[in-house]
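*Asks:* Supplied in structure tokens, the structure appears directly below.
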Amino acid sequence: METIKNYLETMFAQIPQTPETLKIKEDLLSNMEEKYHELKNEGKSENEAIGIVISEFGNIDELMNEFGISNNSTSQTQQKNHPIITLETALTYLDEKNKFGRLIAIGVALILIGVNLLICLSTFAETGILGSLSEDTASMFGVIALICFIVPAVALFIYSGTSLEKYNYLENPFQMDPYVKEQLKTKFEDFLPTFNRAIIIGVSLCILSVIPVIAGSLIEDNRISNASFIPIIKNSSSFGVILLLIIVTVAVYIFIIYGNMKEGYNRLLELEEYSPEHKNSKSSKIIGAVASVVWPLTVCVFFYLGFFKQRWDISWVVFPITGILFGAFSTICNTLSRENRIK
Amino acid sequence: MISSDVIRGYSDTIILYLLLENDSYGYEISKKIKEMTDEKFTMKETTLYSAFNRLSKNGYIDSYHGTETQGKRRTYYKITPEGITYYKEKCKEWILTKEIIEKFIKEMN
């Protein structure tokens, strides 16, 4: 019995383990075992029975040819030169992706905190909490604070970007054992509920973040005249904005961390933006090109409004506006190109 | 024992023939082949399973798990309507093949 099992193991050693081949191997084993038992029942000796079973096994090349064909033979030869992703590489990649994703999230959060600090300072100056400090001076300190937050953030971006550079080859086609792919898929399916929960929390936070602003302006409009000496009430809509930014920072942090984890899976499993059709599509190239112009421009507008118009309290609005417009633009682009492809 | 290319080309046909009667599993099929040919022909394990794999891929057979209570569960195979069509084609092909080859066969002493 053991002899048959070992024989089969040796024969299958050179065949990649996939659910398909494992199934066939299992079936073969039970088939051979049944044959063995029947031969023994017919009065054959142990050795004779094993001998017959093994002699009737056939040629493993026959099965290998069969699988060679089943794995979509036409592209097989082309793929030979593509790097092979092992399970170990894939898991390390996901690990590193999560690690550096967290750093990027921290960087973005730092920038948002910096912007918030700027708004805080000008609001405080306006309300007089900071005593004799003029609004202009407060804004200046705010900008300095913002820059102090941007520097480590940019450092984090560069660090994570260069650290992940070694995985750039994943941009190009790669080979993955079907078995490894299956393992990753299971892991991905385990991760999806967590991802969905994170997105729901993030979106809820974004919606909730509007409440402080609305509440703030309501209070400001209906403020009781004798309470107006309390600075927070006097400028409550500005404080609403500060609260909004704090909540949005938390939401963005969640989006980046989980979005980044999902991106890792998408890339390895070649889903969504990393699917072969998408990678070559015109729309993603257009979106990429437009993004590289629009976002720096937005930053310019942000600084222009701040420095030259002294409107630090309002200039941050350009980011959510651009974000929404850009989102709409890329959705339209993708939809159009998808329709073209269907036609 | 014979193992010619001709038989190899018809291993699918042999398996489909046996599945025409009733659903069956690997060992039963190979045993029946042996019995029907008076042990003159044994289908090798790898030939059998390559054929199962190929036939499933082409949609000529379906597989399902048996309901044995003891031991390992067997994989049963069932012929599909497409399988029956394919079997009929192979039968026609064989009749033609046989007709052709027979013209070149003579008894020699």
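*Asks:* Answer yes or no: is there a residue in the range A:120-131 that is surrounded by 16 or more Cβ atoms within 10 Å (Cβ to Cβ) and within 18 Å of A:Val299 (Cβ to Cβ).
*Replies:* no
*Asks:* Are any residues in the range A:149-165 open to solvent by less than 50 Å² (accessible area, probe 1.4 Å) and among the hydroxyl-bearing types (Ser, Thr, Tyr), and if so, which ones?
*Replies:* A:Ser160, A:Ser163
*Asks:* Also, I was wondering about something else. Could you grab the pairs with beta carbons closer than 7 Å, sequence gap of 6+ or different chains, first residue in the range B:75-90 and free of Cβ contacts under 8 Å to residues at least 24 places away in the same chain, second one not small (Gly, Ala, Ser)?
*Replies:* Close Cβ pairs satisfying both conditions: B:Thr80/B:Tyr60; B:Thr80/B:Ile61; B:Thr80/B:Asp62.
*Asks:* Which residues, counting only those in the range B:77-87, are exposed (fewer than 15 other Cβ atoms within 10 Å of the Cβ) and within 16 Å of B:Ile14 (Cβ to Cβ)?
*Replies:* The one that is exposed (fewer than 15 other Cβ atoms within 10 Å of the Cβ) and within 16 Å of B:Ile14 (Cβ to Cβ): B:Ile84.
*Asks:* Go through the range A:289-343 residue by residue and tally those that are over 28 Å from A:Tyr274 (Cβ atoms), open to solvent by 70 Å² or more (accessible area, probe 1.4 Å) and charged (D, E, K, R).
*Replies:* Selection size over the range A:289-343: 2.
*Asks:* Quickly run through the range B:72-100 and pick out the residues that are of a type in the set (Val, Ile, Thr) and at pLDDT below 90.
*Replies:* B:Thr75 - this is the single residue of the range B:72-100 that is of a type in the set (Val, Ile, Thr) and at pLDDT below 90.
*Asks:* Among the residues of the range B:1-32, count how many are away from every other protein chain (no Cβ under 11 Å), surrounded by 17 or more Cβ atoms within 10 Å (Cβ to Cβ) and of a type in the set (A, V, I, L, M).
*Replies:* 5
*Asks:* Within the set of pairs 6+ apart or on separate chains, which have a first residue in the range A:300-327 that is closer than 19 Å to A:Ala125 by Cβ and in a helix (DSSP H, G or I), a second that is of a type in the set (Lys, Arg) and open to solvent by 50 Å² or more (accessible area, probe 1.4 Å), and C-beta atoms under 7 Å apart?
*Replies:* Between residues of the range A:300-327 that are closer than 19 Å to A:Ala125 by Cβ and in a helix (DSSP H, G or I) and residues that are of a type in the set (Lys, Arg) and open to solvent by 50 Å² or more (accessible area, probe 1.4 Å), the close pairs are A:Leu305/A:Arg311.
*Asks:* Looking only at the range A:16-48, how many residues end up being exposed (fewer than 13 other Cβ atoms within 10 Å of the Cβ) and in contact (Cβ under 8 Å) with a residue 40 or more places away in the chain?
*Replies:* So the answer is 1.
*Asks:* Restricting the range A:172-199 to residues that are open to solvent by 70 Å² or more (accessible area, probe 1.4 Å) and free of Cβ contacts under 8 Å to residues at least 24 places away in the same chain, which is nearest to A:Thr86 (Cα to Cα)?
*Replies:* That would be A:Thr186.
*Asks:* Starting from residues that are acidic (Asp, Glu) and outside any helix (DSSP H, G or I), keep the ones in the range A:28-62 and report whichever is modelled with the lowest pLDDT.
*Replies:* Selected residue: A:Glu56.
*Asks:* So, one more: Consider A:Asn168 carefully, then state whether it is surrounded by fewer than 16 Cβ atoms within 10 Å (Cβ to Cβ) and free of Cβ contacts under 8 Å to residues at least 12 places away in the same chain.
*Replies:* yes
*Asks:* Before we move on, is A:Ala13 more than 9 Å from chain B (Cβ to nearest Cβ) and open to solvent by 40 Å² or more (accessible area, probe 1.4 Å)?
*Replies:* Against the criterion (more than 9 Å from chain B (Cβ to nearest Cβ) and open to solvent by 40 Å² or more (accessible area, probe 1.4 Å)), A:Ala13 qualifies.
*Asks:* State all residues of the range A:256-269 that are at pLDDT 90 or above and over 9 Å from the mean Cα position of the chain (by Cα); if no residue qualifies, say none.
*Replies:* Those that are at pLDDT 90 or above and over 9 Å from the mean Cα position of the chain (by Cα): none in the range A:256-269.
*Asks:* Go through (1) open to solvent by 50 Å² or more (accessible area, probe 1.4 Å); (2) more than 15 Å from the chain's Cα centre (by Cα); (3) more than 8 Å from chain A (Cβ to nearest Cβ) one by one and return the number of the condition B:Arg74 breaks.
*Replies:* In the conditions (1) open to solvent by 50 Å² or more (accessible area, probe 1.4 Å); (2) more than 15 Å from the chain's Cα centre (by Cα); (3) more than 8 Å from chain A (Cβ to nearest Cβ), B:Arg74 misses (3) alone.
*Asks:* Looking only at residues in the range B:34-46 that are open to solvent by less than 50 Å² (accessible area, probe 1.4 Å) and either touching a Lys or Arg at 6+ places or on another chain (Cβ under 7 Å) or of a type in the set (A, V, I, L, M, F, W, C) (or both), which one is nearest to the other protein chains (Cβ to nearest Cβ)?
*Replies:* Taking the candidates together, the pick is B:Thr42.
*Asks:* Take the range B:48-71 and flag every residue that is open to solvent by 20 Å² or more (accessible area, probe 1.4 Å), modelled with pLDDT of 85 or more and within 14 Å of another protein chain (Cβ to nearest Cβ).
*Replies:* Passing the criteria: B:Arg54, B:Ser56, B:Lys57, B:Asn58, B:Gly59, B:Ser63, B:Tyr64.
The values are calculated or read from the model by the stated rules, or taken from the named source; none is laboratory data. Predicted model, so just to flag it, every value in this text is computed and none were measured. Counting neighbours? That spans all protein chains shown, and the Cβs are built from the backbone with ideal geometry, glycine included. Accessible surface is based on the protein model in full, side chains and every heavy atom, while ligands, DNA and RNA are left aside. Shrake-Rupley method; radii C 1.70, N 1.55, O 1.52, S 1.80 Å.
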